[in-house]
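This report refers to the structure that appears directly beneath it.
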């Protein structure tokens, strides 16, 4: 069995090398790892750092296209039985991959989300980010009769059978995430949540999501509640 770790990167020179080092060190027993890094046209020196890192598959965009576009590029090139999304900063803990992929290995589900809210010891971070995430999650549950605690989490894990939906999603930015959530809930998939650790960073430290992304997420969730799904 193989795990594909998909890492979209844009201007993360301070964190990306340490992050990839930690991902490489994760021991999953007899499960193989492939690390696919997609540089979304970084201009801060990140690309030069990535080119020096061995044993990764490095893909590059010729212009900045957004997180969703980077994920679609990486997932399309993946060959793993399980796919996990990994942000390029150090907010999330790669050492927790084992518990995140276990429900899929055990056949309990084909989708796992790592919930920051279920990790009771986690700091909530800046109020605006915390509040925005709660609103997006509650709106998801209201529209799709789900019981999620953390829809906007980075740690989204999928069985390879779901690749067509992931790659053909319309969203090219942060809205890719609520779009795929909406589609899978519409299709009747159960999303299994696992508590994870979380080390929030601020906008000053490089966090890129903002209030407009939250508003767009709400619109995307509403749109896909009623729109016909073709993939």
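The values are calculated or read from the model by the stated rules, or taken from the named source; none is laboratory data. In this text, all values refer to a predicted model and were calculated from it rather than measured experimentally. Methodologically, a virtual Cβ is constructed for each residue, glycine included, from the backbone with ideal geometry; neighbour enumeration extends over all protein chains shown.
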Within region 40-65, can you find the residues that are out of contact with any strand residue (DSSP E or B) (no Cβ under 9 Å at 6 or more places or on another chain) and in a loop (DSSP other than H, G, I, E, B)? 43, 44, 45, 52, 54, 62, 63, 64, 65
Residues that are buried (at least 17 other Cβ atoms within 10 Å of the Cβ), over 19 Å from the mean Cα position of the chain (by Cα) and part of a helix (DSSP H, G or I): does region 118-127 have at least one? no
Inside region 150-172, can you point out the residues that are touching a residue at least 40 places away in the same chain (Cβ under 8 Å), part of a loop (DSSP other than H, G, I, E, B) and surrounded by fewer than 18 Cβ atoms within 10 Å (Cβ to Cβ)? 172
Is there a residue in region 115-128 that is under 20 Å from residue 7 (Cα atoms), in contact with a strand residue (DSSP E or B) (Cβ under 8 Å, 6 or more places away or on another chain) and modelled with pLDDT of 95 or more? yes
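I'd like the full set of residues that are in a strand (DSSP E or B) and either under 12 Å from the mean Cα position of the chain (by Cα) or on the phi > 0 side of the Ramachandran plot (or both), limited to region 66-94.
Initially, region 66-94 is screened for residues in a strand (DSSP E or B), giving 82-85.
83, 84, 85, listed by residue number.
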Closer than 16 Å to residue 160 by Cβ, in contact with a strand residue (DSSP E or B) (Cβ under 7 Å, 6 or more places away or on another chain) and without any contact (Cβ under 8 Å) to a residue 60 or more places away in the chain - does that describe any residue in region 75-88? yes
In region 97-117, what count of residues is obtained for those that are outside any helix (DSSP H, G or I) and in contact (Cβ under 8 Å) with a residue 40 or more places away in the chain? 9
Suppose the filter is out of contact with any strand residue (DSSP E or B) (no Cβ under 8 Å at 6 or more places or on another chain), within 25 Å of residue 16 (Cα to Cα), in a helix (DSSP H, G or I) and at pLDDT 95 or above; does residue 135 pass it? no
Return the residues of region 19-39 that are farther than 15 Å from residue 100 by Cα and part of a helix (DSSP H, G or I); say none if nothing qualifies. 19, 20, 21, 22, 24, 25
Subset of region 191-226 (residues that are part of a loop (DSSP other than H, G, I, E, B), touching a helix residue (DSSP H, G or I) at 6+ places or on another chain (Cβ under 9 Å) and modelled with pLDDT of 90 or more): 196, 197
